[in-house]
1. Scanning the stretch 35-55 for residues that are part of a helix (DSSP H, G or I) and surrounded by 14 or more Cβ atoms within 10 Å (Cβ to Cβ), which turns out modelled with the highest pLDDT?
2. Among residues belonging to the stretch 124-146 that are in a helix (DSSP H, G or I) and exposed (fewer than 12 other Cβ atoms within 10 Å of the Cβ), point out the one that is nearest to the chain's Cα centre (by Cα).
3. For the condition in the same structural domain as residue 199 (by TED's automatic domain parsing) and at pLDDT 90 or above, what is the one hit in 113, 72?
4. Would it be correct to say that residue 271 is surrounded by 14 or more Cβ atoms within 10 Å (Cβ to Cβ), touching a strand residue (DSSP E or B) at 6+ places or on another chain (Cβ under 8 Å), at pLDDT 85 or above and outside the structural domain of residue 70 (by TED's automatic domain parsing)?
5. Restricting to the stretch 103-112, and then to whatever is under 46 Å from the mean Cα position of the chain (by Cα) and part of a loop (DSSP other than H, G, I, E, B), can you tell me which residue is surrounded by the most Cβ atoms within 10 Å (Cβ to Cβ)?
């Protein structure tokens, strides 16, 4: 019996230790994910922008996933042992097979019968102990007390074994449920970290599009020469009096990935702003 008890205690402790170290491991993994997500670019986010709120939502999702994992592991690691009274009145789901096992009940009908017998034996031992103290020289009273005490010890062993087995089975049930919850929480946390990292690391085009006007260069006067394709695309809009076959005076307002941002300022030409793509022409 002692060997079986030691085995159950060790198994229960392994479950609790696994839950504890799983929590620590997942926390460390989360730290690695955050550290490796290049969050140094978070300063490029515009306050109250769409990406800012996306980052907030991602952080909230990651926090929810981490909270789910934490609650699941705490519920397992801190699961209390059941009592004999609880088994007799409101047994947990994991212990329902144990409380109907006749070998654990020592051939009793149910847990209530074992509990009532155990309580009655303790009360009987107290009465016989009081009688024994009243007359220590009475061998008959001493023998009755010894017998009553032996009965309590035997019932205690049966009850304790039943409680230990029931507690372990309930703990194992909670751990099986926790594993599912932990996996779900881990997936949610990973999704949140991914969303946060995506929002906090905008590509260069997004960063440029949110730049303050103060960083733009002052317009400069220039000329452009249009290709045949450029003349066909812009000729009508520039007007019939615009000399599209010669260099055209423009203001160069800035540059984009596609080409120069220009505003036509040539005499006889309609004032027109467009991006001068290479296929349309080049600045001279």
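1. To start, the set of residues in the stretch 35-55 that are part of a helix (DSSP H, G or I) comprises 35, 39-44, 50-55.
Next, from what is left, pick out any that are surrounded by 14 or more Cβ atoms within 10 Å (Cβ to Cβ): 39, 41-42, 44, 51-52, 54-55.
Numbers: 39: 49, 41: 51, 42: 56, 44: 57, 51: 81, 52: 84, 54: 89, 55: 86.
For the stretch 35-55, the residue satisfying everything is 54.
2. The initial filter retains those residues of the stretch 124-146 that are in a helix (DSSP H, G or I), namely 124-134, 139-146.
After this cut, where a residue has to be exposed (fewer than 12 other Cβ atoms within 10 Å of the Cβ) as well, the list is 130, 133-134, 139-140.
Numbers: 130: 59, 133: 62, 134: 65, 139: 68, 140: 67 Å.
Per the stated criteria, the residue is 130.
3. On the way: 72 fails: at pLDDT 90 or above.
Exactly one residue qualifies, and that residue is 113.
4. No: the conditions fail for residue 271.
5. Going residue by residue through the stretch 103-112, those that are under 46 Å from the mean Cα position of the chain (by Cα) are 103-106, 109-112.
Going one step further and asking which of them are part of a loop (DSSP other than H, G, I, E, B), we end up with 106, 109-110.
Values: 106: 15, 109: 9, 110: 13.
Only one residue tops the list, namely 106.
Residue-by-condition table, conditions (1) more than 38 Å from the chain's Cα centre (by Cα); (2) closer than 30 Å to residue 21 by Cα; (3) exposed (fewer than 14 other Cβ atoms within 10 Å of the Cβ):
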site: 101; (1), (2), (3): yes, no, yes
site: 114; (1), (2), (3): yes, no, no
site: 148; (1), (2), (3): yes, no, no
site: 162; (1), (2), (3): no, yes, no
site: 166; (1), (2), (3): no, yes, no
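The values are calculated or read from the model by the stated rules, or taken from the named source; none is laboratory data. Note that this is a predicted model, so its numbers are computed, not measured. With ideal geometry, Cβ positions are generated from the backbone for all residues, glycine too; neighbour counts draw on all protein chains shown.
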